[in-house]
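K.L.:
Have a look at the structure that comes next, please.
Laboratory data are not the source of any read-out in this text; all were calculated from the coordinates shown. Please read all numbers here as calculations on a predicted model, not as lab measurements. Backbone-built Cβ (ideal geometry, glycine too); neighbour counts: all protein chains shown.
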Amino acid sequence: MTHEYTILVRGRILAGGERPEAAGIGWAAGTVIALGSEAEMRAVSRGDSHFVDLAGAFVIPLARGADPGWPTNATLEIGAPADLVVLRDDPRRAGNTAWHLRALTIAVIRGGVVASGALPGPHDHLAPAEAQRG
């Protein structure tokens, strides 16, 4: 069975722990398959991927069964569950209380499925070369 890839690009992916910030994340069948630059994300596409333009939105890991929070002990890494939160602003800013973080939340993804909210920006199913031409 094949699974369509969902790839978020042009974002600020805060993977957690000591992991470096990335510009994109991709998953299939509820599992993270890629983290990195936009070019790296487009390179993993098989041509039938669902691309989402985050337009600078932030992505943070979501601990399984937990509410969105920052900081978190959860991490986003290849092979881990695609449990994440898309936010309008940087959760590291001073004053980001739990209430404020809820107000910043655009979407909550659990197991690669949008559990609440909606993914932002334009969505497309273009092959990587077609998507880059715009």
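K.L.:
Using unit Cβ charges (K, R positive; D, E negative) and no other charged atoms, how large, in debye to the nearest 20, is the dipole of region 6-133 about its Cα centre?
P.N.:
Once rounded to the nearest 20, the dipole reads 200 debye.
K.L.:
GluC sites (Glu not before Pro) within region 31-77: which are DSSP loop residues with at most 16 other Cβ atoms inside 10 Å?
P.N.:
Sites meeting the loop and neighbour criteria: Glu77.
K.L.:
Can you tell me the relative contact order of the chain? Whole percent, Cα pairs under 8 Å, sequence separation 6 or more.
P.N.:
On the way: 313 pairs, mean separation 34.5, N = 134.
Taking the mean separation of contacting Cα pairs over the length of the chain, I get 26 percent.
K.L.:
Count charges around Pro61 for me, please; just the other residues with Cβ under 14 Å from its Cβ, Lys/Arg as +1, Asp/Glu as -1.
P.N.:
Within the 14 Å Cβ shell, the charges total 0.
K.L.:
Based solely on its DSSP helices, what 222 nm [θ] is calculated for the chain when runs of n ≥ 4 H residues each add -39,500 (n - 2.57) and the sum is averaged over all residues, nearest 500 deg cm²/dmol?
P.N.:
Result for the chain, helices only: -3500 deg cm²/dmol.
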